[in-house]
Amino acid sequence: MKIAANIHIIPGVTAHPYLLVDSDGLTLIDTGIPGSANKILRYIKQAGYARRDLNRILLTHADYDHAGSLAALKKATGARVYASLFEARAVATGQFPRSLKTDNIFLKPVFALAERLGRISPAHVDEHLSDGQVLPVLGGLFVVDTKGHTPGHLSFFAPSVGVLFSGDSILSVKDRLVGSHGSVTWDQEKADASVLKQLALKARIVCSGHGAVEMDGLARLIKLAEGLTLAPAYQRL
C-alpha cells in the first residue's frame, strides 16, 4: 500500500516493513517476524519489481518482530544489511537485544521465556550505521540514533518528503503517538530523549513500527512531547 510517492507499507506483516523505491533499486526498512519473507517478496513482485531489485535492508533494531525475517530475505535477495553496531551484534547471534524489565516475581519467568522465544536466525550486517549518516535513499535518508527502546535503536528521516520511520521509539496507538515505555524499554530516560530528538526533525508523516501511519505527524509529535517531563537534553545522546 502506497503512503506517499515511492514509499510503501507492506500489509499483513507483524511490525510494519516499509519499502522505499528509488531509480537504482529498493530499500526495505525492517523485516517483520520470522516467516514474513514470502509475504514481503510477494508484495515486491506485485509492485512490479524483482527480488534482485532489493538493494538494502535497514534495521531499526533487532527485536524478533523487526529482524525476524532478515536472514531469509538476505539469502533470497542478496541485499546488503545496515544496522547500528549494537543491534548488528544481536543479529549476528540471534539473541534478544536486551532484557525485559519487571519487579513482578510472577512475570520474571514469563519474560525469560519470551526472551528465549524471541531469538531469530542469525544474520550478517554488512554496514554499521551511526547518527548523522546520510544514505542515498529518497534523496537523502538520515540515520537518527534513537536509543532507549533498545541500546542501538535507529530511526530514519527523509527530509525531502518529510517522512520519519521511527521503528519502536515512537508508536501509533489509538490515533495518537506514544513513546517507548514499560518493560520493553531498555532505558526510559534515553527513550524519552529520543522522542524529543525526533520532534526537532519536524516530520510531516510518521511511519512507526506498529499502528497506523500518522499523516499529521508533526502535530501528534508535539502533543506527545508535551506529555513528557524530560528537559530537552537529547543533545547528549
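The values are calculated or read from the model by the stated rules, or taken from the named source; none is laboratory data. It should be emphasised that the depicted structure is a prediction, and the values quoted were computed from it without experimental measurement. As a convention, Cβ positions derive from the backbone with ideal geometry for all residues, glycine included, and neighbour counts pool all protein chains shown.
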Within the stretch 68-95, how many residues are closer than 13 Å to residue 119 by Cβ and either touching a Ser or Thr at 6+ places or on another chain (Cβ under 6 Å) or surrounded by fewer than 20 Cβ atoms within 10 Å (Cβ to Cβ) (or both)? 6
Which pairs do you get when a residue that is small (Gly, Ala, Ser), found in the stretch 28-45, comes within reach of a residue that is modelled with pLDDT under 95 and assigned to a helix (DSSP H, G or I), reach meaning Cβ atoms under 8 angstrom, with the pair 6+ apart or on two chains? 32/65
Hits in the stretch 57-82 - residues which are over 14 Å from the mean Cα position of the chain (by Cα) and either in a helix (DSSP H, G or I) or on the phi < 0 side of the Ramachandran plot (or both): 71, 72, 73, 74, 75, 76, 77, 79, 80
Failed item in (1) surrounded by 22 or more Cβ atoms within 10 Å (Cβ to Cβ); (2) farther than 14 Å from residue 73 by Cα, with residue 28 passing the rest: (2)
Against the condition out of contact with any Gly (no Cβ under 7 Å at 6 or more places or on another chain), assigned to a loop (DSSP other than H, G, I, E, B) and within 23 Å of residue 34 (Cβ to Cβ), how does residue 151 come out, does it pass? yes
Of 161, 206, 178, the only residue that is farther than 26 Å from residue 139 by Cα and either in contact (Cβ under 8 Å) with a residue 60 or more places away in the chain or not in a helix (DSSP H, G or I) (or both) is 178
Identify the single condition in (1) in contact with a helix residue (DSSP H, G or I) (Cβ under 7 Å, 6 or more places away or on another chain); (2) surrounded by 15 or more Cβ atoms within 10 Å (Cβ to Cβ); (3) farther than 21 Å from residue 3 by Cβ; (4) modelled with pLDDT of 95 or more that residue 124 does not satisfy, given that it satisfies every other one. (2)
Can you tell me which residue in the stretch 15-25 is surrounded by the fewest Cβ atoms within 10 Å (Cβ to Cβ), limited to those that are in contact (Cβ under 8 Å) with a residue 60 or more places away in the chain and within 20 Å of the chain's Cα centre (by Cα)? 22
Residue within the stretch 83-99 that is modelled with pLDDT of 95 or more, part of a strand (DSSP E or B) and under 25 Å from residue 38 (Cα atoms) present: yes
